[in-house]
Amino acid sequence: MPDDANHHHQPLNLALQGGGSHGALTWGVLDALLEDGRFNLEGISGTSAGAMNAVALAHGFAQAARHHKDRDDIHKAGCRLARRTLKELWEGVGALGSLTWGLPLENNPWLGWVAQWISPAQANPLGFNPLRRLLEAKVDFEQLRAHDRHEHVPQVFVCATSVHTGKGRIFSGKELTADAVMASACLPMMFRAVEIDGEPYWDGGYSGNPALHPLHYHTRCSDILLVQINPVELDVTPTGAADIMERMNEVTFNASLLAELRAIGFVRRLLDEGKLDPKRYKSVRMHRIDGGAVLAPFGSASKMRADLGFVRQLFALGREAGKRWLDEDCAAVGKRSTMPMLEH
């Protein structure tokens, strides 16, 4: 681990997108960051598969804080335990083999069309979702909640979308549960809405993929590393039904993120021009690992594929992307933004 001599760790927030089994690429990115060990992860915002990654990572640090008191001991043990939890979670997903888990619509490119006529209650009347059981086996949510204000355990912010209002809700601290993560990952064409406190929720991607504002308002850190797995730009015009539907989903699931990025850029320009009080407004430095281009060759249907070989392939690609960012851009953390779209 390239920790420096005085054991100082650079603060960094993480924003983790969702995207089905493509979240295994994010696992690889996180593994590279944790192995490197030079960052103090203050806050993690995650949606869908990004929420799974967020709670698995934070679980490792909560376990470390339970057994260690010294800051450096917690950091080293936390990095090691977080890597282990992420590995166990994703290899568990690989053992399940699919993110639709045997529903009759599995891997069907006409999923969206068919789902107009077959509801999740008909396709899956028992609400069967083995992912929840796996998540609860690997992540101790009680420990996470117990350490939600611990200075060496990352704060986690999970986004889900209220079915009734269409607004995003952020679950964190004492509200962080397996239900919240399952709500964040609840694609309405596949699973029944997840009820929390009598309110039904769907996938958080509709309202924040991921949400950046909790990192802005609830952490001191000014640097956010966005791990993006949904492509923002597309070079070709989709013509097939499945490709059109996938691009529609990408546009929808990126819309709220792009709006937040524009707002961050606007605030930063006003701060640079001296039009806002820097004591009241935080100038956020954005960084990005863009997995969209890496994942493009696999096609949209692969988001539902989760056999162990594929999961490990994405993990390896994610580690490469993480190491590349560490080599090329991480020195800018704490100094300047490296995300091009915010420089204009």
*asked:* Suppose every Lys and Arg Cβ carries +1 and every Asp and Glu Cβ carries -1, with no other charges. What dipole size does the chain come out with about its Cα centre, to the nearest 20 debye?
replied: 500
*First compute the accessible area of the chain with a 1.4 Å probe, then give the percent of it belonging to carbon and sulfur atoms.*
52
*Mean projected area (nm²) of the alpha-carbon convex hull when the stretch 254-344 is viewed from all directions*: 7.7
*Can you give me the relative contact order of the chain as a percent, contacts being Cα pairs under 8 Å and 6 or more apart?*
26
*List the GluC sites (Glu not before Pro) in the stretch 230-298 that DSSP assigns to loop (not H, G, I, E or B) and whose Cβ has at most 13 other Cβ atoms within 10 Å. Which are they?*
E233, E273
*asked:* Let me check something: with ligands and nucleic acids excluded, how do M245, M339 order by accessible area (1.4 Å probe), largest to smallest?
replied: M245, M339
*Scaled to the compact-protein estimate 2.2 N^0.38 Å, what is the alpha-carbon radius of gyration of the stretch 7-98, rounded to two decimal places?*
1.05
*Ignoring everything but the protein chains, give the 1.4 Å probe accessible area of E328 in square angstrom, nearest 10.*
130
*Of R324, R220, R268, which has the most accessible area with a 1.4 Å probe, and how do the rest follow in descending order?*
R220, R324, R268
_Sequence-separation-based contact order of the stretch 213-344, relative, with Cα cut under 8 Å and 6+ spacing, percent_ = 37
*Give the distance, in whole Å, between the Cα centre of the stretch 177-216 and the Cα centre of the stretch 238-283.*
20
*Does the stretch 196-271 come out rounded, prolate or oblate, given a ≥ b ≥ c as the square roots of the eigenvalues of its C-alpha gyration tensor, rounded meaning a/c under 1.5 and, failing that, prolate meaning a/b above b/c?*
oblate
*Calculate the spin-label point distance for A301 paired with E199, positioning each point 7 Å from the Cα along the beta-carbon direction, and give it in nanometres.*
3.8
*So which trypsin sites (Lys or Arg not before Pro) in the stretch 61-91 are both in a DSSP loop and have at most 16 other Cβ atoms within 10 Å of their Cβ?*
K69
_Across K275/K323; K138/K174; K174/K279; K174/K335, pairs whose alpha-carbon gap is larger than 27 Å_ = K275/K323; K174/K279; K174/K335
*Amide H neighbours of Q155 under 5 Å, at least 5 residues apart or on other chains, H built in the peptide plane: list them.*
G43, I44
*Computed over the Cα atoms of the stretch 227-282, what is the convex hull's projected area averaged over all directions, in nm²?*
5.3
*What accessible area per residue comes out for the chain, rounded to a whole number of Å², with a 1.4 Å probe?*
46
_Computed label-point distance, nm, for sites H150 and A293 using a 7 Å Cα→Cβ extension_ = 3.9
*Are there any helices in the chain, counted as whole DSSP H runs, that stretch 27 Å or more along their axis by Cα and score at least 0.0 on average by Kyte-Doolittle, and if so which?*
49-67, 241-272
*Using a Gaussian network model of the chain whose springs link C-alpha atoms within less than 10 Å, name the residue from G50, G265, G309 with the highest mean-square fluctuation.*
G309
*asked:* Heavy atoms only, 1.4 Å probe, whole protein assembly: order I170, I244, I196 by accessible area, highest first.
replied: I244, I170, I196
*Express in Å², to the nearest 10, the accessible area of R192 obtained by rolling a 1.4 Å probe over the protein heavy atoms while all chains stay in place.*
120
*Stokes-Einstein D in µm²/s, Kirkwood radius over Cα pairs - the chain at 25 °C with 0.890 mPa s viscosity*: 121
*asked:* I'd like the accessible area for Y281, computed on protein heavy atoms only with a 1.4 Å probe and all protein chains in place. Round to 10 Å², please.
replied: 90
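The values are calculated or read from the model by the stated rules, or taken from the named source; none is laboratory data. Since the model is a prediction, treat every value here as computed from it, not as a measurement. Counting neighbours? That spans all protein chains shown, and the Cβs are built from the backbone with ideal geometry, glycine included. Keep in mind that these areas ignore ligands, DNA and RNA; they rest on the heavy atoms of the full protein, side chains included. Shrake-Rupley method; radii C 1.70, N 1.55, O 1.52, S 1.80 Å.
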